[in-house]
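Here is the structure we will look at.
The values are calculated or read from the model by the stated rules, or taken from the named source; none is laboratory data. Owing to the predicted nature of the structure, the values given are computational and were not obtained by experimental measurement. Neighbour counts run over all protein chains shown; Cβ positions are idealised from the backbone, glycine included. To get the accessible areas, we keep the full protein, side chains included, count just its heavy atoms, and leave off ligands, DNA and RNA. Shrake-Rupley method; radii C 1.70, N 1.55, O 1.52, S 1.80 Å.
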Amino acid sequence: MLHSASTPVPTNNSSRKIFAPTSNSEDPGHATQYTKGALDRSDLLPSPTDQFHAWFEEASKSGVYQPETVTFSTASLPSGKVSARMVYMKELDSRGFVIYSNWDTSRKAADVASNPHAALTFWWRELERQVRVEGRVERLTSDESQVYYDTRIRGSRIGAWASQQSKVLEGREELEKRVEDVEKRFEGKDKIPVPEFWGGLRVVPGVVEFWQGRPSRLHDRFRYEWVEKEGGQGEWKVDRLSP
């Protein structure tokens, strides 16, 4: 049940800051229409990770700006408060989608510690496509995280050690001093170990939805849902959803 807002909703139209924006629309006064594609059941691969890979490859070749950019959403228990932030997906395999971050001091770290489920949302404007992922989360091992960590520039590896992500800073100088201290600690060393509090997190999908924009908001939506079966087996069920 939805609860009433604690603050009354103003009825005076003059109080609105934004109302029904139509940015970039070719039809003044009406929202942009999505016309760049369609999606049918016959277009889909059996596995959602294979389907995502196919779409990701198409996005990359079509000039989508940083298609690995994704909104990572988490919720804290028992409060149920939700938080979200933009991150990069850095790995995809048959098990799921991997991001990297601080898992000690950050808000998302606290969220997944209390609630090991999360969601990812990709938006590829140039193709008018969206992909939504929901599932449980699992940490990668330090050895697994080290492989990606070693690909980062030195400054980013130092930064992972120096930043107590989401902690309050008295000023920029405090952060710069922490960076300076870490640089001294690893001076002359090319190989820097991945911090124990930093590394990969895999979202193991239970639900994946592929969304293709269509005119009049009559979008094509297909949902893959993992259905458990006896003996620990399972399969992906695919349904078309109403827009």
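With a 1.4 Å probe and all protein chains left in place, how much of the accessible area of the chain comes from carbon and sulfur atoms, in whole percent?
Numbers: 7680 of 15290 Å².
In the chain, the share of accessible area belonging to carbon and sulfur is 50 percent.
Give me the 1.4 Å probe accessible area per residue for region 54-141, excluding ligands and nucleic acids, in Å².
On the way: 4320 Å² over 88 residues.
Value returned for region 54-141: 49 Å² of accessible area per residue.
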Between the DSSP loop rule and a limit of at most 13 other Cβ atoms within 10 Å, which chymotrypsin sites (Phe, Trp or Tyr not before Pro) in region 41-88 are left? Tyr65
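Within 10 Å of each candidate Cβ there may be at most 15 other Cβ atoms; applying that plus a DSSP loop requirement, which trypsin sites (Lys or Arg not before Pro) in region 15-53 survive? If you can, show how the numbers build up before the last one.
Numbers: sites: Arg16, Lys17, Lys36, Arg41; in loops: Arg16, Lys17, Lys36.
Those satisfying the criteria are Arg16, Lys17, Lys36.
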Quick one: accessible area per residue over region 169-243, 1.4 Å probe, rounded to a whole number of Å²? 63
With each pseudo-label sitting 7 Å past Cα toward Cβ, what's the Leu169-Ser242 distance in nm, one decimal? 4.9
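Give the residue list of trypsin sites (Lys or Arg not before Pro) in region 136-208 that are DSSP loop and have at most 11 other beta-carbon atoms within 10 angstrom.
Working: sites: Arg136, Arg139, Arg152, Arg154, Arg157, Lys167, Arg172, Lys177, Arg178, Lys184, Arg185, Lys189, Lys191, Arg202; in loops: Arg152, Lys167, Lys189, Lys191.
Taking region 136-208 and a limit of 11 other Cβ atoms within 10 Å, the loop trypsin sites (Lys or Arg not before Pro) found are Lys189, Lys191.
State which stretch of the chain is the longest one without any exposed GluC sites (Glu not before Pro), exposure meaning a DSSP loop state and at most 11 other Cβ atoms within 10 Å. Write down the numbers at each step before the final one.
On the way: sites that count: Glu26, Glu170, Glu187, Glu196.
Longest stretch, sites excluded: 27-169.
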Hand me the tally of lysine pairs in the chain: alpha carbons under 18 angstrom apart, and the pair either on different chains or 8 or more positions apart. 7
